[in-house]
């Protein structure tokens, strides 16, 4: 294995007004290795990468690629020089097909004028075959699942024949199976001599895939070590700068009497059929399964934003209809959606507006006027109760970190006094410290007698937080396991039952 | 409420803290973001230097009156833009409601009444009628936009044509044969264009401020209240910002969308009522292209097509700005043809400056 240095970033500094985003950070990536970059949100990982790609101009420092100093003006120039990136947030032309997305901006042409569709198809097919990706290049992006879109993005990055490939949280929307697939791809690229920078929050993944690990904290370089010399507690310690006792808070909730009963839930337009289960007050029920197994659909059908074909929902023995979101909210349901940016936040609106939107009725005076004071009070309650870090209530929500955005949305729902909380991937894209706080909030809610249904793709999270786990497969309920006694293997077996 | 003085001091302090290069940039940004206002000031000074009559009491009252006349339509269309939509039917709805107002309020002794047997109508009934007619068109717009997720551009393009057809048919009714509707009753004219109060000028004459300025002010207050203080207003901004999230959060997206368009329709009705008396002789082309000025005013005032943003104060500023420019062009004796080109350029520049604020800077 070649161990020569491929990319060297030395003494990179970047300052934004009031914040030192990068403070003399150095990073060295060797040919044919996977170099993991770790750190909490805001540690400076993304900023460092943006400096590499010329999206930000660095204040000081040097970047050497293959021994030559480089300074890319934009990501296009970087890609042309063999430095590509798979972004965490997909920016794809969803209305266009797969191959259009891959060759966007550099279409192969016939005679410099006409786009050579045939060549495009063949090239795409060749890359897909090489990477064992099973997607039809003619499919429209919006019709394929998010996880496959992610694979397309990866294929696009590979198609540049890059020397350096950066993966930014590539697995956040992938299922376990697809993660395996991604790792096969990464290993293959490594064997071809590509230098890979891998950014992720998931420790287990990092420890498995990487050769070297660099940890950053608060814009500073903390340590770089071979992965073989590190273990999870050490990394966490390096990342947070303190001992993080446990990954999960102690489970103190005590399930009470049966509260929510779902019988034979079948969806009109999705594959969901015949789902029946019960949940008790103060219980945290997990929903496990592969992507597309019907977990999200279950929540959406319960909440009434997807059309039900049949099935009944009972709350405390009484049938509730939940025909739309308003009715469900009135009945005491709340839904935290999977894609926070797309269906959770109102990016352009401020924290207060985001917080009170579901409980505006409470603030009505004389049936027409909204009471500014009481809205401010509720928002403050939410900020305090959720420990949201925000400069003010007037701050636009999109300027907060993912974890804090999630807290605002959770606060929004708590203000509707829900009895049943449907949480879809509540900790997706949130850093370790904030995850712990979200877990604590969930357990606190269960302690108050709320019924919680939680979908997650991260199995340790389900095992650590839930009382019971329902495993879904192919739109059906494949089984139910006790979170205390089950294993990941048992869940995976059930998840594959109807596939 | 945040203290505006403290706010300003904070901003100054922030500015002082920047280094020379960033300071330069901050000034540049400030200039670009306020370019439209800066250009306006220069333009006003220029116009004044060429024609001092531009800044006199009567000229200013004239500008305010003209702005007041086009205020309700802009206030209505603003809501559609907050929802990332638009409304092309606005001008024609103004035309239709203007025709209806005129027909219902022709003087009893006018020889050429379109409906000779119509008894004398109370003004309240007429206002209610035009609000309902405008509201119905808005309701139709809103229904198709919300129910079938059609783009408002398409829906209102269609209703624009339909309403125009209705106007033409209306003017053919009862053997009227397309003649303009005039001979409005004194009562109607006084109600709208009569003198609210007079401002004495140095030359001894006094300048009358018409009643419809007051109506525009009332509309501004009502709309400000609706946008800022009601559940409907908050929901409107939520839907405009992120429709999917609004639905999940329990906002009735359908109802909100329909209501925004209906409210807009009602506003066009009021504009039609005022225009009818103001113009005095209504033709089938009354209200033509009014929506363009209204949309331009909204955009200049910061109601952005990205959705979810906008303020009533912005719309008011936008309408005033546009009016000042139009009147100034007249004072400079610039030909009507040229004025269209200038209008177009203003809209282009204003939109560019507006969108620039929402570009993600890297």
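The values are calculated or read from the model by the stated rules, or taken from the named source; none is laboratory data. Please read these numbers as outputs of a predicted model, since none were measured by experiment. Reconstructed Cβ throughout: ideal geometry from the backbone, glycine too, with neighbour counts over all protein chains shown.
Could we say that residue A:235 is over 26 Å from residue A:471 (Cα atoms) and crowded, with 21+ Cβ neighbours inside 10 Å here?
Values: over 26 Å from residue A:471 (Cα atoms): yes; crowded, with 21+ Cβ neighbours inside 10 Å: yes.
Yes, satisfied.
If the Cβ limit is 8 Å and pairs must be 6+ apart or interchain, which residue in the stretch B:333-347 that is on the phi < 0 side of the Ramachandran plot pairs with which residue that is at pLDDT below 85 and in a helix (DSSP H, G or I)?
If the second residue must be at pLDDT below 85 and in a helix (DSSP H, G or I), the pairs left are B:346/B:36.
What is the residue count in the stretch B:267-295 for residues that are crowded, with 24+ Cβ neighbours inside 10 Å and assigned to a helix (DSSP H, G or I)? Explain how you work it out, then say what you get.
So in the stretch B:267-295, the residues crowded, with 24+ Cβ neighbours inside 10 Å come out as B:267-277, B:282, B:286-287, B:290-291, B:294-295.
Of the ones still in play, those that are also assigned to a helix (DSSP H, G or I) are B:267-277, B:290-291, B:294-295.
Residues meeting the conditions: 15.
Among the listed residues A:316, A:286, which satisfies the condition of being in the same structural domain as residue A:481 (by TED's automatic domain parsing), farther than 25 Å from residue B:247 by Cβ, surrounded by 17 or more Cβ atoms within 10 Å (Cβ to Cβ) and modelled with pLDDT of 90 or more? I'd like the intermediate steps shown before the answer.
Values: A:316 fails: surrounded by 17 or more Cβ atoms within 10 Å (Cβ to Cβ).
Testing whether each residue is in the same structural domain as residue A:481 (by TED's automatic domain parsing), farther than 25 Å from residue B:247 by Cβ, surrounded by 17 or more Cβ atoms within 10 Å (Cβ to Cβ) and modelled with pLDDT of 90 or more leaves just A:286.
Given the condition touching a strand residue (DSSP E or B) at 6+ places or on another chain (Cβ under 9 Å) and within 14 Å of another protein chain (Cβ to nearest Cβ), answer yes or no: does some residue in the stretch A:308-320 qualify?
No.
This table checks each residue for (1) over 29 Å from residue B:225 (Cβ atoms); (2) part of a helix (DSSP H, G or I).
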position: B:304; (1), (2): no, no
position: B:313; (1), (2): no, yes
position: B:317; (1), (2): no, yes
position: B:321; (1), (2): no, yes
position: B:329; (1), (2): yes, yes
position: B:333; (1), (2): yes, no
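Within the bounds of the stretch A:52-69, is there any residue that is under 20 Å from residue A:213 (Cβ atoms) and within 14 Å of another protein chain (Cβ to nearest Cβ)? Give the derivation first.
If we filter the stretch A:52-69 for residues that are under 20 Å from residue A:213 (Cβ atoms), which is where we start, we get A:52.
If we keep only those that are within 14 Å of another protein chain (Cβ to nearest Cβ) too, we end up with A:52.
Yes - at least one qualifying residue is present in the stretch A:52-69.
Name every residue in the stretch A:361-384 that is more than 7 Å from chain B (Cβ to nearest Cβ) and either in contact with a strand residue (DSSP E or B) (Cβ under 7 Å, 6 or more places away or on another chain) or in a loop (DSSP other than H, G, I, E, B) (or both), in order of residue number.
Residues satisfying the conditions are A:363, A:366, A:367, A:371.
Part of a strand (DSSP E or B), under 23 Å from residue A:425 (Cβ atoms), touching a residue at least 60 places away in the same chain (Cβ under 8 Å) and more than 14 Å from chain B (Cβ to nearest Cβ): which single residue out of A:260, A:265 fits that description?
On the way: A:265 fails: touching a residue at least 60 places away in the same chain (Cβ under 8 Å).
Result of the check over A:260, A:265: A:260.
Filter the stretch B:181-201 for residues that are free of Cβ contacts under 8 Å to residues at least 24 places away in the same chain and out of contact with any helix residue (DSSP H, G or I) (no Cβ under 7 Å at 6 or more places or on another chain); which is surrounded by the most Cβ atoms within 10 Å (Cβ to Cβ)?
We begin by selecting, within the stretch B:181-201, every residue free of Cβ contacts under 8 Å to residues at least 24 places away in the same chain; these are B:190, B:194-198, B:200.
Next, only the ones that are out of contact with any helix residue (DSSP H, G or I) (no Cβ under 7 Å at 6 or more places or on another chain) stay: B:190, B:195, B:197-198, B:200.
Numbers: B:190: 14, B:195: 12, B:197: 12, B:198: 12, B:200: 10.
Looking at the filtered set, the residue picked out is B:190.
Would you check if there is a residue in the stretch B:212-219 being more than 12 Å from every other protein chain (Cβ to nearest Cβ) and free of Cβ contacts under 8 Å to residues at least 24 places away in the same chain? If you could, list the steps in order and put the result at the bottom.
Of all residues in the stretch B:212-219, those more than 12 Å from every other protein chain (Cβ to nearest Cβ) come to B:212-219.
Next, only the ones that are free of Cβ contacts under 8 Å to residues at least 24 places away in the same chain stay: B:214, B:218.
Scanning the stretch B:212-219, I find at least one residue that is more than 12 Å from every other protein chain (Cβ to nearest Cβ) and free of Cβ contacts under 8 Å to residues at least 24 places away in the same chain, so the answer is yes.
Are any of the residues in the stretch A:323-345 more than 13 Å from chain B (Cβ to nearest Cβ), in contact with a helix residue (DSSP H, G or I) (Cβ under 7 Å, 6 or more places away or on another chain), in a strand (DSSP E or B) and buried (at least 21 other Cβ atoms within 10 Å of the Cβ)? Walk me through how you get there before you give the answer.
Restricting attention to the stretch A:323-345, the residues satisfying the condition of being more than 13 Å from chain B (Cβ to nearest Cβ) are none.
No; the residues of the stretch A:323-345 include none that is more than 13 Å from chain B (Cβ to nearest Cβ), in contact with a helix residue (DSSP H, G or I) (Cβ under 7 Å, 6 or more places away or on another chain), in a strand (DSSP E or B) and buried (at least 21 other Cβ atoms within 10 Å of the Cβ).
Which of the numbered conditions does residue A:111 fail, given that it passes all the others? Conditions: (1) modelled with pLDDT under 80; (2) in contact with a strand residue (DSSP E or B) (Cβ under 6 Å, 6 or more places away or on another chain).
(2)
Enumerate the pairs (first residue in the stretch B:21-43 and more than 21 Å from residue B:301 (Cα to Cα); second residue anywhere and modelled with pLDDT of 80 or more) with beta-carbon separation below 8 Å, excluding pairs fewer than 6 apart on the same chain, so at least 6 apart or on different chains.
Note: no pairs meet the criteria.
Give the residues of the stretch A:346-360 that are more than 7 Å from chain B (Cβ to nearest Cβ) and in a helix (DSSP H, G or I), sorted by residue number.
Pass one, the stretch A:346-360, residues more than 7 Å from chain B (Cβ to nearest Cβ): A:350-352, A:354-356, A:359.
Passing the criteria: A:351, A:352, A:354, A:355, A:356, A:359.
Mind telling me which of the residues B:240, B:178, B:204 ends up being part of a loop (DSSP other than H, G, I, E, B) and in contact with a helix residue (DSSP H, G or I) (Cβ under 6 Å, 6 or more places away or on another chain)? Please lay out each step first, then the result.
On the way: B:240 fails: part of a loop (DSSP other than H, G, I, E, B); B:204 fails: in contact with a helix residue (DSSP H, G or I) (Cβ under 6 Å, 6 or more places away or on another chain).
The unique qualifying residue is B:178.
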